[in-house]
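Structure, as structure tokens:
The values are calculated or read from the model by the stated rules, or taken from the named source; none is laboratory data. Worth saying up front: this structure is predicted, and the values here are computed from it rather than measured. A quick note on method: Cβ atoms are made from the backbone with ideal geometry, for glycine too, and the neighbour counts reach across all protein chains shown.
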């Protein structure tokens, strides 16, 4: 659909911040007095040019909007206290905007409608939870012979987490390689749900007419989970306004809400400085491994399968990442040189088709308790993380216009095929 876009202009935001120098000067004071920083400010952070420095920034609990991988400054959302702590560690932070106000600008006119149950005006091309379920059900109805719809389990708020199997004899567990695609681990990463829906559409509608698709469906068992975080995803668009939400919606004992479910997996949970024990942090790992019901559900379900390969889709940065995330080492416990070289080879092949950057996950920053380390470390599944479009973009990076859905999902067709063709 052709609609007007509401890009968040950092230049305008910076000008607005300049107005935070208040009226004490205008009222006759000798010097201007800076108004308090916003509760959650957007900052340009310089001085974090390598993975260890980025890890230190992330471990402070800030929300990273842009890692600055192209040599520019990182862009983070931080409280005044978090900003002060990072300054004390030697990083330079420049306030450029109020996170809540920038989200409101991105949501556009018409927000906030407490009765709204859709994306902000102009972004309706994205699927809500109910629309996603309907799309998956329709694929099952239209292609009953090659699909089987089931469930991974339920979210904290009781939403079903559907999984669709696509294979020539979908009702039967055949002796064929099983491959898994998961999406929407982080609430605001809605483009990933569209990625999984595109995979479903391509391997169902294309069956019998596209020879390549037909061969893969006949010789593989393909499983697709379009949303691992339905509660957070729905909250992120509540009232028809973007919330910038990342975590799930599980309450914590101190009254805060949310666990980063991609830091809650049991393999190397909380081991290595790649997650936070603070409930207010964006990468809060939860009180124990698998404490998030969404994580417990997918871990238990995976244990009953025999997956050979997996992609978990995220946004954004345009990267193809492979384990391990918890260490900078290539060869370590659970990873031989031969295994690492295989990861790198397939990852580089996939990246050559979509123009993403391939690298070990920890090259970005250290993470622990994530799904890719779990899939490989626990089950020896060839597991990758795709960070999708765009390559950078701050707040707008999480909310690309819906006109980007088709070009950015089809952009990964060849990469998906490479993974499917490299399992046996």
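Restricting 168, 84, 70, 130 to residues that are under 30 Å from residue 205 (Cα atoms) and exposed (fewer than 15 other Cβ atoms within 10 Å of the Cβ) narrows the list to 130.
For the range 171-213, which residues satisfy the criterion of being buried (at least 22 other Cβ atoms within 10 Å of the Cβ) and over 30 Å from residue 237 (Cα atoms)? Hit for the range 171-213 is 179, nothing else.
For the range 172-199, give me the residue count where each residue is touching a helix residue (DSSP H, G or I) at 6+ places or on another chain (Cβ under 9 Å) and over 17 Å from residue 300 (Cα atoms). Residues in the range 172-199 being touching a helix residue (DSSP H, G or I) at 6+ places or on another chain (Cβ under 9 Å) and over 17 Å from residue 300 (Cα atoms): 17 in total.
Set side by side, the residues 286, 255, 290, 270 differ, and just one is assigned by TED's automatic domain parsing to the domain that holds residue 314, farther than 25 Å from residue 161 by Cα and in contact (Cβ under 8 Å) with a residue 12 or more places away in the chain, which is 270. Only one of the numbered conditions (1) surrounded by 20 or more Cβ atoms within 10 Å (Cβ to Cβ); (2) in contact with a helix residue (DSSP H, G or I) (Cβ under 9 Å, 6 or more places away or on another chain) is not met by residue 387, and that is (2). Please indicate, with yes or no, whether at least one residue in the range 209-225 is free of Cβ contacts under 8 Å to residues at least 60 places away in the same chain, touching a helix residue (DSSP H, G or I) at 6+ places or on another chain (Cβ under 6 Å) and within 27 Å of residue 362 (Cα to Cα). No, the range 209-225 contains no residue that is free of Cβ contacts under 8 Å to residues at least 60 places away in the same chain, touching a helix residue (DSSP H, G or I) at 6+ places or on another chain (Cβ under 6 Å) and within 27 Å of residue 362 (Cα to Cα). Counting the residues of the range 222-250 that are under 16 Å from residue 262 (Cβ atoms) and in a helix (DSSP H, G or I) gives 5. Could you list, in sequence order, all residues of the range 143-202 that are touching a residue at least 60 places away in the same chain (Cβ under 8 Å), farther than 28 Å from residue 370 by Cβ and part of a loop (DSSP other than H, G, I, E, B)? Listed by number, the list holds a single entry, 143. Listed by position, the strands (runs of 3 or more DSSP E) enclosed by the range 269-366 that each have at least 3 residues that are modelled with pLDDT of 95 or more, over 21 Å from residue 63 (Cα atoms) and in contact with a helix residue (DSSP H, G or I) (Cβ under 9 Å, 6 or more places away or on another chain) are 307-315, 357-360. Checking each residue of the range 134-151 against the condition of being closer than 25 Å to residue 286 by Cβ and modelled with pLDDT of 90 or more gives at least one match.
Taking the residues in the range 232-245 that are in contact (Cβ under 8 Å) with a residue 60 or more places away in the chain and crowded, with 24+ Cβ neighbours inside 10 Å as candidates, determine which candidate is nearest to residue 199 (Cα to Cα). Top of the filtered list is 233.
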